[in-house]
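Engineer: Before I ask anything, let me first share the structure, which is written out below as structure tokens.
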């Protein structure tokens, strides 16, 4: 854990050190289009996130909440020049993810510079009552940003917490838990980042960066081996995973040269047979019928991955709150 005091730029990014046009060591050129503070943009980039995309998500979240108006309750009750410190605090134990995303939400709201004190890092286990992040700025801005920042932070931390439970269950085996494309539209990169924070492994990010031959492709192509060959010929440099339902199909695609095979709805016993049949010629991923209670049984068969769509489509949030106090 580390504590890092970092003053960030104003919401528009046009104060001192603005990323709009200023050079910043280590940042790619496209990141210079981002209105976030360069230091925050760099932290997001280092985590494998696109700062421009994160800023866009933050803006969409805030605009959804404001609906092109103002925060009427806050404007009516809080003096314009009031300043406070907001502590993001875990209400329950878990694994945190999305702290820099929460900072980005605050950044797009703030009309003045603000200071942030980081008490933990993404991927850390935290306990109930533990401070995660403290932000000092105008009270109005803190309260306006509160719900949007928490919505994202709680969601991502819930995914990271669920993923860590799977990671812990697989400890000592060769198997890794992987996510799927069953993500919230518009939030895929953030949710897959949260999986990484929990110790999981990302599957493909999109339909274009890797191929996954599934049952409908097999029907359309006239067979599983034919479907694999068609993708290999059309896109020779793209990684290809092939879904199989039977050991017979497994033999076909191994003989065809598949490097990664998804065992759909195989039992642990069938997975053991598949591992023995393939004998290291391809990586194997178990999918379907997987729960935390059965995770170890599948991992012990020798498969390389467990595909768990529930990481992103069904994980409950991690309860995190925001507590306001006087600025020091």
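The values are calculated or read from the model by the stated rules, or taken from the named source; none is laboratory data. Being a predicted model, the structure only gives us computed values, none of them experimental. Cβ atoms come from the backbone with ideal geometry, glycine included; neighbour counts cover every protein chain shown.
Engineer: Using the structure shown, decide if residue 123 is modelled with pLDDT of 95 or more and not in a helix (DSSP H, G or I).
Structural biologist: Yes, satisfied.
Engineer: While we're on this one: For the range 37-52, name all the residues that are in a helix (DSSP H, G or I), farther than 16 Å from residue 108 by Cα and touching a helix residue (DSSP H, G or I) at 6+ places or on another chain (Cβ under 9 Å).
Structural biologist: 42, 43, 45
Here is a yes/no grid of residues against (1) farther than 21 Å from residue 328 by Cα; (2) within 14 Å of the chain's Cα centre (by Cα); (3) surrounded by fewer than 20 Cβ atoms within 10 Å (Cβ to Cβ):
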{"residue": "125", "(1), (2), (3)": "yes, no, yes"}
{"residue": "132", "(1), (2), (3)": "no, no, no"}
{"residue": "137", "(1), (2), (3)": "no, no, no"}
{"residue": "140", "(1), (2), (3)": "no, no, no"}
{"residue": "156", "(1), (2), (3)": "yes, yes, no"}
{"residue": "181", "(1), (2), (3)": "yes, yes, yes"}
{"residue": "205", "(1), (2), (3)": "yes, yes, yes"}
{"residue": "208", "(1), (2), (3)": "yes, no, yes"}
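Engineer: Do you know which of the residues in the range 84-114 that are under 11 Å from residue 156 (Cα atoms) and without any contact (Cβ under 8 Å) to a residue 60 or more places away in the chain is surrounded by the fewest Cβ atoms within 10 Å (Cβ to Cβ)?
Structural biologist: Out of the qualifying residues, it is 99.
Engineer: Given the range 224-328, what helices (runs of 4 or more DSSP H) lie entirely inside it while holding 2 or more residues that are touching a residue at least 40 places away in the same chain (Cβ under 8 Å)?
Structural biologist: In the range 224-328, 292-299, 310-313 are the helices (runs of 4 or more DSSP H) which contain 2 or more residues that are touching a residue at least 40 places away in the same chain (Cβ under 8 Å).
Engineer: With respect to residue 145, determine if the residue is farther than 30 Å from residue 167 by Cβ, modelled with pLDDT of 95 or more and surrounded by 24 or more Cβ atoms within 10 Å (Cβ to Cβ).
Structural biologist: Yes.
Engineer: For the list (1) modelled with pLDDT under 95; (2) crowded, with 18+ Cβ neighbours inside 10 Å, I need the number of the one condition that residue 198 fails.
Structural biologist: It fails just one condition, (1).
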